[in-house]
Amino acid sequence: MKAAVVRAFGEPLVIEDRPDPEPGPGQVRVRVEASGLCHTDIHAARGDWPVKPTPPFVPGHEGVGLVEKLGEGVTHLSVGQRVAVPWLGKACGRCEQCLSGWETLCERQINTGYGCDGGYAEKMLAWADFAQPVPHGVTAFDAAPLTCAGVTTYKALKVAGVRPAQLVAVSGVGGLGHLAVQYAKIAGAQVAAIDVTDEKLELAAELGADVVIDARKDDVAEVLKRYGGAHAAIALAVNEEAFTAVNSGLRRGGKLVMVALPAHGTIQVPIFDTVLNGTSVIGSIVGTRQDLAEVFQLHAAGRTRVIHETRPLASVNESMDDVLRGQVKARIVFDLGVGR
């Protein structure tokens, strides 16, 4: 099988031939149809974060494909069934976090494309209990971005406790942000979308944003304050200044939900203003299996649109560069099914 491999941090990925992986007990082998390119994959390939993967490894945590082989003990999935393999590759199922519905905070979790090989390959392994069935009618190319970009923003809005008629600021309208706009509208909120490119601001308006803010020329906090301030700000732009800007645009009692992970990123939180205004700063990471099931249900019901472009896996290095340059409208999805 072909796979895109990180041989060393900061170097171009290498397309190489590898033997088909064999599923162990509780695992399945998936013949990958589509695999989304997330900014996290770029951080992984560059070794940006304090906790690093170990090269050589295959990135990718938005892999979607057909179950090809069952490992010992797997009875709830079947060969030929379409599944998605998310960032949460496996959790222990026994700790306080797992037992209280926060499996994404399990300290023993294994992350797809980081702690084990991921979806930038024609075939991959998945733990069957965490391979999410994809509903009929949802294509692999839509399911791939929903597997991370969708569930991550959906969970962030849950964490923020967004309610109808509230103002939600979505900072960064790309692969994640274009879905965050839609989930906020589904929740009945008003949406202020913030970005620095005309194309993404136009996309946000097309998807229902009530206010669009061009951070190149507008004072983000000032504009948000004109509308009373944001009840919640979902920080998706990989830029420290963007976090600070939306934090300053919260209303009293508002919540800044941090999602994007700039390398070595920090922000200054003013203690006096935070205490006086009763604002909160919260971290939100991906979503649980149940969250992803709900994301797929919404899409199957026609409630969301996934904006993506497909490319061959051979374009992986060029594609990563395009993401870093901000030249991708929403999501790149690698097509692994060519010729089959």
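Taken together, the values in this text are just the output of simple stated rules run on the coordinates, not laboratory data. All values derive from a computational prediction rather than experimental measurement. Note: ideal-geometry Cβ built from the backbone for every residue, glycine included; neighbour counts use all protein chains shown.
For segment 86-189, the set of chymotrypsin sites (Phe, Trp or Tyr not before Pro) satisfying both a DSSP loop assignment and a count of at most 15 other C-beta atoms within 10 Å is given as 102.
Packing around the peptides 65-71, 273-279, 312-318, 166-172, taken as the average count of other Cβ atoms within 10 Å per residue, puts them in this order, highest first: 166-172, 65-71, 312-318, 273-279. Between the beta carbons of residue 49 and residue 22, assuming R0 = 25 Å, the FRET efficiency works out to 0.25 to the nearest 0.05. DSSP beta bridges fully contained in the chain are about 50 percent antiparallel. Given in Å, the Rg to one decimal and the Dmax to the nearest whole number for the Cα atoms of the chain are 19.5, 61.
Applying the Karplus relation 6.51 cos²θ - 1.76 cosθ + 1.60 with θ = phi - 60° to segment 124-129 yields 3J(HN,Hα) values of 8, 9, 9, 6, 4, 5 Hz, where x marks Gly and Pro. Karplus-based coupling profile of segment 50-56, in residue order and whole Hz: x, 9, 10, x, 10, x, x, with θ = phi - 60° in 6.51 cos²θ - 1.76 cosθ + 1.60 and x standing for Gly or Pro. Only Cα pairs under 8 Å and 6+ residues apart enter the sum, and on that basis the relative contact order of segment 150-283 stands at 22 percent. Phi-derived couplings, Karplus 6.51 cos²θ - 1.76 cosθ + 1.60 at θ = phi - 60°, listed residue by residue for segment 265-277: x, 9, 9, 9, 9, x, 5, 4, 5, 5, 5, 4, 8 Hz, with x used for Gly and Pro. Taking a quarter of the surface of the Cα convex hull of segment 150-283 gives a mean projected area of 7.1 nm².
Just check segment 251-340 against the gyration tensor rule for me: Cα atoms, a ≥ b ≥ c as the square roots of the eigenvalues, rounded for a/c under 1.5, and otherwise prolate or oblate depending on whether a/b exceeds b/c. Verdict is oblate for segment 251-340.
Remark: C-alpha extents of segment 36-128 on the principal axes read 38, 36, 19 Å, sorted largest to smallest. For residue 90, the lysines whose Cα comes closer than 30 Å to its Cα, not counting residues fewer than 8 places off in the same chain, are 2, 52, 69, 123, 155, 158, 255. Computed on the chain, with alpha-carbon pairs under 8 angstrom and 6+ residues apart, the relative contact order is 18 percent.
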